[in-house]
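What follows is one structure encoded as structure tokens, with my remarks underneath.
Every number in this text was worked out from the coordinates using simple rules, so none of it is lab data. Everything numeric here is computed off the predicted structure, so don't read it as measured data. All Cβ positions, glycine included, derive from the backbone under ideal geometry; neighbour counts span all protein chains shown.
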Amino acid sequence: MPVRDEAAKLAGEIAELRHAIHREPEIGLDLPKTQAKVLDALDGLPLEISTGRALSSVTAVLRGDGAHSRPGPVVLLRGDMDALPVTEETGLPYASAIPGAMHACGHDLHTAMLAGAAKLLSARQADLPGSVIFMFQPGEEGYAGARHMINEGVLDAAGQRPVAAYALHVTSNKLPCGMFSTRPGPMLAAADQITVTVHGRGGHASQPHRAADPIPAACEMVLALQTMVTRKFDVFDPVVVTVGSFHAGTTDNVIGDSARFLATARSYSAASRTALADQVPRLIRDIATAHGLTADAEYAAEYPVTVNDAAEAAFATAAIADAFGPGRGEIAEFPITGAEDFSFVLEQVPGAFVFLGACPPDRDPESAPTNHSARALFDDAALAEGTALYAELALRRLALG
Ligand SMILES: [Zn+2]
Ligand SMILES: [Zn+2]
């Protein structure tokens, strides 16, 4: 039976698991209820299961019997499990029962689809010419859960390094339901945080010459960062710097002692990222010095660029066309400015990150609320398709050796 038909047969139970996870969202690295649901779904399957120490991850290894004399290659499939600090406004019958927590990025679908793929592939264990690592990961949304799992050995869980790693991500807008999208090279940006504190000397607002006002210098820094982006970086290797938070002072007639702002920096190459980390703090400090002030500028590396291996992206594209038919996959023209901690896996293992449209058919993908919105909807119709693609990628890649 084709993999897609087997996935369609599992659609009901995959949706049931998804709804249960959706109803009880958990945020961060510690997701005990979600972990319990995953362990329950995997119960009875021929998997070697281990759980995380620093986080509530689940690593499951399926060892195929079809490799004969050699153990065969290893493929890693990843699904993230965490929710966001958002209060759900979808009105779904299975909407979050927990105020302030919602699966607004669709990770409930990823978890359920990966569990479905584990079941589907377990049924084919006898013919499987290698091993599959199922990586159920907490803490994607800013907690670097993937890095924690790598530190705890997920990449070596099957005894040898995977030859390839794949992740799926659903999207509530942009793509029609069931459409896959990937590209070779950069798929998502690197995301880093810039924290700046400008130290001045407070005083009376009517006598600024007797004080050292941090606000004009801090404003100059905000504008200078934008000038730096356009003057110091290649337009064909884009960089985004956005100051998202700016705080200084208390009232109109007082000069405060300090000003503070936070910015996010997005980039698509190691060269641009290194240049940002080098140039941003220098620019900030030198502007402060020019005004007789001092400034602390901290450039904190968060997630690296998510880079799809060209051969693996081509392999995934071909697998989508062959398994789902023409018109179901697209090569994304541009990367996304969002970031992903699957980037840490792709730094060590060649692979591909693939988007899957889950916009409900009665919504316009162009205007539907985006991932992270309190009104984002992800259609259950995507579940069987995502499950099938996870399984197809593993089966086809293991067959390549
Ligand atoms: Zn997200
Ligand atoms: Zn996400």
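The C-alpha atoms of the chain define a longest principal axis, and helix 381-400 lies at about 70 degrees to it. Note that the chain carries a Kirkwood radius of 22.6 Å, evaluated over its alpha carbons pair by pair.
Note on the chain: helix-only mean residue ellipticity at 222 nm, from DSSP H runs of 4+ residues weighted -39500 (n - 2.57) and normalised by residue number, equals -11000 deg cm²/dmol. Residue-wise HN-Hα couplings along region 288-303, as the Karplus relation 6.51 cos²θ - 1.76 cosθ + 1.60 with θ = phi - 60° gives them from phi, are 4, 4, 4, 9, x, 10, 10, 8, 9, 10, 10, 10, 9, 6, 10, 9 Hz; Gly and Pro carry x.
Could you tell me what percent of the DSSP beta bridges with both partners in the chain are antiparallel, to the nearest 5? Here the share of antiparallel DSSP bridges comes out near 65 percent. Relative to the Cα centre, the charge distribution of region 65-136, modelled as +1 at Lys and Arg Cβ and -1 at Asp and Glu Cβ, gives a dipole magnitude of about 380 debye.
A cut-off of 5 Å between modelled amide H atoms, ignoring neighbours fewer than 5 places along the same chain, links Glu330 with Phe180, Ser181, Thr182.
For region 245-319, the dipole from Cβ point charges (+1 on Lys and Arg, -1 on Asp and Glu) about the Cα centre works out to 120 debye, to the nearest 20. Using C-alpha pairs under 8 Å with a sequence gap of at least 6, the mean separation divided by the residue count of region 230-386 gives a relative contact order of 15 percent. Between Thr242 and Asp364, what is the FRET efficiency for a Förster distance of 25 Å, r being their Cβ-Cβ separation, to the nearest 0.05? Plugging the Cβ-Cβ distance into 1/(1 + (r/R0)^6) gives 0.40.
For region 66-128, the relative contact order works out to 39 percent when only alpha carbon pairs closer than 8 Å and six or more residues apart are counted. Only lysines eight or more places from Lys9 in sequence, or on another chain, were considered; those with a Cα closer than 19 Å are Lys119. Report the one residue of Met187, Gln160, Pro138 whose Cα lies farthest in the direction of the positive end of the charge dipole of region 137-196 (charges on C-beta: Lys and Arg +1, Asp and Glu -1; origin at the Cα centre). After comparing all options, I get Met187.
Note on the chain: dipole from Cβ charges, positive end direction compared against Thr59, Ala20, Ala218; the farthest Cα belongs to Ala218. For the chain, the longest principal axis of the alpha carbon atoms and the long axis of helix 3-23 meet at an angle near 50°. Under a model in which nothing but the beta-carbon of Lys, Arg (+1) and Asp, Glu (-1) is charged, the chain shows a dipole of about 560 debye around its Cα centre. Take every pair of alpha-carbon atoms less than 8 Å apart whose residues are at least six positions apart; their mean separation over the length of the chain yields a relative contact order of 25 percent. Neighbours of Ala167 by Cβ distance under 12 Å: Lys/Arg scored +1, Asp/Glu scored -1, total -4.
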